[in-house]
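K.L.:
My questions will all concern the structure given below.
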């Protein structure tokens with residue numbers, strides 16, 4: 001059974017001009033021509049240029065072709081909205097990528113051993129001749145940044161037919177071992193670094209949230225320990241009662257029973273009113289007697 005491929009028939013275009021000058025319809029001199037252009041974003045390959053070599057050309061000739069690919073990738077034009085952007089982005093969609101780490105679309109070189117040249121020798125020479133185009137910048141030993149670089153990947157036609165894009169038969173210039181196509185055109189070390197940093201950040205966030213919960217619980221415990229207790233019944237004050245006895249503004253009414261809960265305060269107020277009631281009645285009766293006497297004297301004077 002043949003290995004799975006990439007995309008659909010519509011994902012492939014052949015003999016595609018990549019103009020360094022001129023237009024898409026009328027390319028000028030100095031540009032490249034891709035044998036195949038693959039656009040299969042659903043399979044993790046948004047844009048891939050493919051150059052097939054039948055082992056007749058020297059490393060120097062292939063290096064000249066790669067120079068043309070680089071010139072095309074570096075070319076910028078104004079898009080329909082007036083914004084200047086890389087020319088290839090006016091035709092194909094590719095995710096923007098990370099700021100400060102946006103390589104050019106990758107180039108896959110497929111060596112078909114028909115001619116007399118040894119592809120292994122050519123590949124070694126080609127990697128050295130084009131190093132300025134593909135070599136990234138080391139980022140603290142964790143990964144490389146390939147901003148403005150051209151990822152160059154090589155494989156053999158026989159291996160490609162046998163294993164397909166999912167097989168570890170692709171070697172990216174600058175890497176010591178073979179990878180799958182998706183790994184080779186990507187930046188797995190950067191992705192692993194980002195995933196690790198994201199996990200560390202998530203762990204710090206969890207620790208921070210846990211610390212906040214611990215502090216909040218400590219504050220609640222301290223507050224509960226200082227919650228007033230009713231001097232009458234011994235129950236703890238409710239939040240509303242506690243707030244009511246706290247000092248307010250200078251013009252706020254003064255709390256009359258700050259040591260009692262609401263129920264005990266109500267009972268105390270009622271008891272105080274009842275205790276004051278007999279004295280009030282007595283004063284009213286005492287005041288009524290002189291009024292009666294005065295009334296009698298007035299009646300006598302009138303008679």
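The values are calculated or read from the model by the stated rules, or taken from the named source; none is laboratory data. All values derive from a computational prediction rather than experimental measurement. Neighbour counts are summed over all protein chains in view; Cβ atoms, including those assigned to glycine, are modelled from backbone coordinates with ideal geometry.
K.L.:
Here is a check on your reading of the model: is residue 34 in the same structural domain as residue 93 (by TED's automatic domain parsing) and part of a loop (DSSP other than H, G, I, E, B)?
P.N.:
Here the answer is no, as residue 34 does not meet what is asked.
K.L.:
Which of the residues belonging to the stretch 77-90 are exposed (fewer than 13 other Cβ atoms within 10 Å of the Cβ) and either at pLDDT 95 or above or within 16 Å of residue 20 (Cα to Cα) (or both)?
P.N.:
Kept after step one, since they are exposed (fewer than 13 other Cβ atoms within 10 Å of the Cβ), are these residues of the stretch 77-90: 78, 80-85.
78, 84, 85 - these are the residues of the stretch 77-90 that are exposed (fewer than 13 other Cβ atoms within 10 Å of the Cβ) and either at pLDDT 95 or above or within 16 Å of residue 20 (Cα to Cα) (or both).
K.L.:
Looking at the stretch 146-158, can you tell me whether even one residue there is free of Cβ contacts under 8 Å to residues at least 12 places away in the same chain, assigned by TED's automatic domain parsing to the domain that holds residue 120 and outside any loop (DSSP other than H, G, I, E, B)? Walk me through it before giving the result.
P.N.:
Step one: of the stretch 146-158, the residues free of Cβ contacts under 8 Å to residues at least 12 places away in the same chain are none.
Scanning the stretch 146-158, I find no residue that is free of Cβ contacts under 8 Å to residues at least 12 places away in the same chain, assigned by TED's automatic domain parsing to the domain that holds residue 120 and outside any loop (DSSP other than H, G, I, E, B), so the answer is no.
K.L.:
Also, I was wondering about something else. Of all residues in the stretch 111-139, which are part of a loop (DSSP other than H, G, I, E, B) and loosely packed, with under 13 Cβ neighbours inside 10 Å?
P.N.:
Within the stretch 111-139, 114, 116, 118 meet the criteria.
K.L.:
Residues that are in contact (Cβ under 8 Å) with a residue 24 or more places away in the chain, surrounded by 11 or more Cβ atoms within 10 Å (Cβ to Cβ) and not in a loop (DSSP other than H, G, I, E, B): does the stretch 217-234 have at least one?
P.N.:
no
K.L.:
Hey, does the stretch 61-68 have a residue that's crowded, with 18+ Cβ neighbours inside 10 Å, touching a residue at least 40 places away in the same chain (Cβ under 8 Å), assigned by TED's automatic domain parsing to the domain that holds residue 135 and not in a helix (DSSP H, G or I)?
P.N.:
Within the stretch 61-68, none of the residues are crowded, with 18+ Cβ neighbours inside 10 Å, touching a residue at least 40 places away in the same chain (Cβ under 8 Å), assigned by TED's automatic domain parsing to the domain that holds residue 135 and not in a helix (DSSP H, G or I).
K.L.:
What single numbered condition from (1) touching a helix residue (DSSP H, G or I) at 6+ places or on another chain (Cβ under 9 Å); (2) surrounded by fewer than 17 Cβ atoms within 10 Å (Cβ to Cβ) fails to hold for residue 23?
P.N.:
Single failed check for residue 23: (1).
K.L.:
How about the stretch 159-173: which of its residues are assigned to a strand (DSSP E or B) and within 30 Å of the chain's Cα centre (by Cα)?
P.N.:
Selection gives 172 alone.
K.L.:
A further question on this structure: Which of the following residues is part of a loop (DSSP other than H, G, I, E, B) and within 30 Å of residue 136 (Cβ to Cβ): 176, 253?
P.N.:
Result: 176 is the single residue among 176, 253 that is part of a loop (DSSP other than H, G, I, E, B) and within 30 Å of residue 136 (Cβ to Cβ).
K.L.:
Return yes or no: is residue 113 farther than 22 Å from residue 154 by Cα, in contact (Cβ under 8 Å) with a residue 24 or more places away in the chain and in contact with a helix residue (DSSP H, G or I) (Cβ under 9 Å, 6 or more places away or on another chain)?
P.N.:
Taking the combined requirement at face value, the residue does not satisfy it.
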